[in-house]
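The values are calculated or read from the model by the stated rules, or taken from the named source; none is laboratory data. Computed from a prediction, not measured in an experiment: that's the story for all the values here. Cβ placement follows ideal geometry from the backbone for every residue including glycine, while neighbour counts extend to all protein chains displayed.
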Amino acid sequence: MKNLRLLFLVLLSNPLVQGQELNVHHYTVAKSGLNVRVMPKLGMPKVTTLLYLTEVEVIAETGVELSIVDQGKTLSGQWIEIQFKDENNLTKSGFVFDQFVKSISFGTSAPKGTLQIAHLSKAHFDILTQHLSLETLIDYDEYQRLIRQEDEDLIDLYVKARRLKERLDKEFGKDYRLNVEKLLRELRDFEQKEILGVYSSCIDECIVYSMKLRTSDFYDQSNEDRERIFFSILKELAPSGDLKGTYHAAWTTAVCDYAGYSKLGNRMIYNNMKKMKAYLSEYSESEQDLSYKVLKSLRNTIIGQLSMRAYGSTQEKVIAELNDMLSDEVLFDNEVYHVKEAMVKVKEGDVNYRNVEFGCATTRCVVCY
């Protein structure tokens, strides 16, 4: 019996055996602050008011029921006793309404009724809670889970990324001293270096940065599937056709990349222009279709940016690709003039009275877009 009792004590002291509760954290979720009272009853004197997302320890349930109306919704629960640290790091206690205290578990499993944060460490969660709502944090965690699932539908994944980014912009932007970029840079390595946070505002960048693990899945699919995915994403984001911001198809790399030089000369733009013309010609009768409008706008952007100050390829390759555009019927009539104009500037090596540089993909160019 003594050995059994000793074994029980050893097992009880093992965090893996004690259960999930050691990994459960409780946070106040009253946006305007949570009143802590000396007794479990409204109107009792206040001990203090705890700020939104203050971590507390739940001591006991009182069984004293309470129902209130908050923002038009009826909340029913009970008073609970909690402990917390005050501004002087002293431990204090009091009573609060349990509907304004949420339990969060960090790890791959959680007790019943507990919100689970599986992909954010406690340390990174604490960083984020300074700026973001609990609802957004749960969405961020869900997004990180999605990008780990190889069979997850790409459309749902990218749409979630875009919507989550908008919420991050809105919530984190309230602090004028910081920005979304700075916050999410803190999270780039939170689990694996190749998994990044959402910190971009357009489809192409979301794929390149935030969805790094899934980029190959996207590019490996046929052209038809890529187009279907891209336009399905846009329709999910703006079913009425009211799109705000800049959108690029992942399979159509922007004319000027982030190193500052045009990719004209490696045949990518030529191939995309050819593919885009076929798509636009097929759908010309439904010009109000969102797919048509976005692709047409994207094409106009590419045509307008053929004349750059820096090119990744050599001058000969850039001229050859422009010649192919002019001779292979990949252009619409209203585009020919712009391509010819770009050709003149490329041959003369001058754009807006500034010298044009070539071979920037292999040699660091001085100029940038």
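If you take the residues in region 292-311 that are farther than 30 Å from THR363 by Cβ and surrounded by fewer than 19 Cβ atoms within 10 Å (Cβ to Cβ), which one is modelled with the highest pLDDT?
Among residues in region 292-311 that are farther than 30 Å from THR363 by Cβ and surrounded by fewer than 19 Cβ atoms within 10 Å (Cβ to Cβ), the one modelled with the highest pLDDT is ASN300.
Within the bounds of region 299-306, is there any residue that is within 22 Å of PHE231 (Cα to Cα), aliphatic (A, V, I, L, M) and assigned to a helix (DSSP H, G or I)?
yes
Can you tell me which residues in region 127-164 are in contact (Cβ under 8 Å) with a residue 40 or more places away in the chain, more than 18 Å from SER232 (Cβ to Cβ) and in a helix (DSSP H, G or I)?
Hits for region 127-164 are ILE127, LEU128, THR129, LEU134, TYR140, TYR143, GLN144.
Could you count how many residues in region 77-109 are loosely packed, with under 11 Cβ neighbours inside 10 Å and in a strand (DSSP E or B)?
1
So which strands (runs of 3 or more DSSP E) are wholly in region 14-66 and hold at least 2 residues that are of a type outside the set (Lys, Arg) and at pLDDT 95 or above? Outline the logic, then answer.
Numbers: elements: 24-28, 34-37, 46-50.
Ranges flagged: 34-37, 46-50.
Looking at (1) assigned to a helix (DSSP H, G or I); (2) buried (at least 18 other Cβ atoms within 10 Å of the Cβ), find the lone condition where ALA320 falls short.
(2)
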